[in-house]
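The values are calculated or read from the model by the stated rules, or taken from the named source; none is laboratory data. Source: prediction; values computed, not measured. Using ideal geometry, Cβ is built from the backbone for each residue, glycine included, and neighbour counts are taken over all protein chains shown. These accessible areas exclude ligands, DNA and RNA; they are computed on the full protein's heavy atoms, side chains included. Shrake-Rupley method; radii C 1.70, N 1.55, O 1.52, S 1.80 Å.
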Amino acid sequence: MRLYQQLILFMLAATVLPLAAVGFLLLSRAEAEVASHIDDKQRALASATAEAVGASLMEVVNGLARSADFVNWESATPEEVHGGLSLLYGQSPMVSAVLELDAQGRPLGPAVYREEALDGHPAFAAAGLEQLARAVPVTSFQEARRGQVALGDAYPHAATGHAAMGVAVKLADGADAPYAVAEVVLVELEALLQRRAGEGLTRLDMVDGAGRVLASSLPERHLRPLEPEVMQGLTPTREQDTVRSFRVANPARRLSVARVPDVRGLEVVVTVDEALALAPVRQLRRTVLVSVAVALGVLLVLGALFTRRLNRRLSEVVQGAEAYGRGELERRVQVEGQDELSALASTFNRMGEELEAARGRMLRWNDDLRARVEEATADLRAAQAQLVEAQKLAAVGQLGAGVAHEINNPLAGILGNVQLLLLDRESNDSDFETLRKIEQSAKRCKDITQNLLRFSQQRERPDLRPVDLNAVVRDALSLTENQTRGEGIDLVTELSTAMPRVKADPGHLSQVVLALLSNARTAMIQSPVKRLSLRTGERDGMCILEVEDTGKGIAESIRPRIFEPFFTTKDVWSNVGLGLSVAWRIITEAGGTLEVRSEAGQGARFTIVLPRA
């Protein structure tokens, strides 16, 4: 067999066939990775869209619940009832009608709805309101308490044909209490799905438990059922699967499904045409096949030319190859002439330059990786430092409780001895006034340690009972009044003398008051006017406590985030942020609300609203 034939067979066996096999294997893996990447992106898009849909729906539902709590429906006049329904109607543009029903689901009066939405078809009003009255089975909702909300099944809107859902809000306690049912049209959710789908190949659908499309990024899909093969894939393999992916054929599509949080039975389905999504990879496979065929033809031609002049000055080329194998990438092969070995020498030289450049890039990458590792190590150390600070705060809290216990015993002895000495002396005694001052100071220390003990107590569940709100405020001030006045802050208290008791956990409520006082003092550090006001009173049958300061205030851009855990506007990180997330949880557990009113540079006013005991 001639050298040319041997070289061709060798190159075919050693390069073309392995490269072709490896290339197709890599392309197959690449196709699988692209499919996996598409699934990951779909799941992320489905999860994010489900959260956005859930947030939009819960914003409407929570807004209706909060607004319904503002009206005393049991004693309201018909005009006040109509005003309350108008208030519920105005909570969101998604609400198209609001109707009051009795415990048997019968309308109690005229509904509030958008007439222009009927598009000149007033006959739709009666049909739409009748649909709305049947949207939520309120008879199964009779045991609910005031303010609780129920979501009904979807149905076509009488005027527009878009999907709509009924939301029922219990207006009072008791089985015979009335309900407010609001019709929520899902047009804005369709706009949300269209924005998230973009102009690509992705289709987004929001479906209910029956597989009906309630909202879609494609028009004219209202309440249409999904295909049977898609419905089979919607059934989760495990109850805890909130996001899952699957594939259907005829035509081939890849789908991802995510549950809408906080709303039972709703899911977001992301659909991508597999043929269009994987078209670049499949086109690349065809290109590789053609490239392999072209490469084989080129090898046949170049092999014939190469073997004719292979023996000349081969040793120099071998020496150059050995130098590269030893790592001497700076060496260059010198070959004279214009034969094939000259071309081979030039190839070796170019390979050496590329290898040398690649080694330089690798060294630079190593340096960059080292810098990133050092940066990540620094971030880890900072996180560890924050954890240590949090542990220190927990230890300080335990130590404070222990110190308070230890101080109480000698204080009791001091107070008892002083009181015995006072009993033995007349009021005109020279030591009487001194002993009385000692008695007052000891009592103050005892009150402070008792408050400190009470505030340090933690319970997993709130102990809701009648509480004197004024007493809680005075106890909190006993711990912070001296420090507050020492910082030059003018402390103003206006405690109502006719305050009824509120239903709350006294220890948790004291924590809320202390957190608000601490935030107010911190906000007024740089303020030219320092005034802290505390007021108690009543509003709309509820008890309120207002804490107002003249500090730096809260900018409108960050106001929605102040109730997030660990979020803070303080200049120095204080381990726990503003503490408003815990305060919000404590107040809502007691059945109240925490309101905030603030502008940048204009101070802040936090209002605690609690029900009567």
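General remarks:
- Sub-8 Å Cβ pairs linking a first residue in the range 503-514 that is over 15 Å from Cys543 (Cα atoms) to a second residue that is among the aromatic types (Phe, Trp, Tyr) and in a helix (DSSP H, G or I), at least 6 apart or interchain, are Gly507/Phe455; Ser510/Phe455; Gln511/Phe455; Leu514/Phe455, ordered by first then second residue.
- Top-ranked residue in the range 459-472 [being touching a helix residue (DSSP H, G or I) at 6+ places or on another chain (Cβ under 8 Å) and modelled with pLDDT under 75; ranked as nearest to Ile407 (Cα to Cα)]: Arg459
- Scanning the range 526-543 for residues that are of a type in the set (S, T, N, Q) and either on the phi > 0 side of the Ramachandran plot or outside any strand (DSSP E or B) (or both) gives Gln526, Ser527.
- Any chance Leu300 is touching a residue at least 60 places away in the same chain (Cβ under 8 Å) and either open to solvent by less than 70 Å² (accessible area, probe 1.4 Å) or not hydroxyl-bearing (Ser, Thr, Tyr) (or both): yes
- Of all the numbered requirements in (1) over 28 Å from the mean Cα position of the chain (by Cα); (2) more than 24 Å from Glu188 (Cβ to Cβ); (3) open to solvent by 40 Å² or more (accessible area, probe 1.4 Å), Lys41 misses one, and that requirement is (1).
One line per residue, one yes/no per condition, for (1) basic (Lys, Arg); (2) closer than 27 Å to Ala144 by Cα; (3) open to solvent by less than 10 Å² (accessible area, probe 1.4 Å):
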residue: Ala168; (1), (2), (3): no, yes, yes
residue: Leu171; (1), (2), (3): no, yes, yes
residue: Ala175; (1), (2), (3): no, yes, no
residue: Val187; (1), (2), (3): no, no, no
residue: Gly198; (1), (2), (3): no, no, no
residue: Leu204; (1), (2), (3): no, no, yes
residue: Gly211; (1), (2), (3): no, no, yes
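- Flag for Val547 being of a type in the set (A, V, I, L, M), surrounded by 20 or more Cβ atoms within 10 Å (Cβ to Cβ) and part of a strand (DSSP E or B): yes
- Any hit, the range 48-70, residues being at pLDDT 75 or above and under 29 Å from Pro280 (Cα atoms): yes
- With respect to the conditions (1) modelled with pLDDT under 75; (2) open to solvent by less than 80 Å² (accessible area, probe 1.4 Å), Thr235 lacks only one, and its number is (2).
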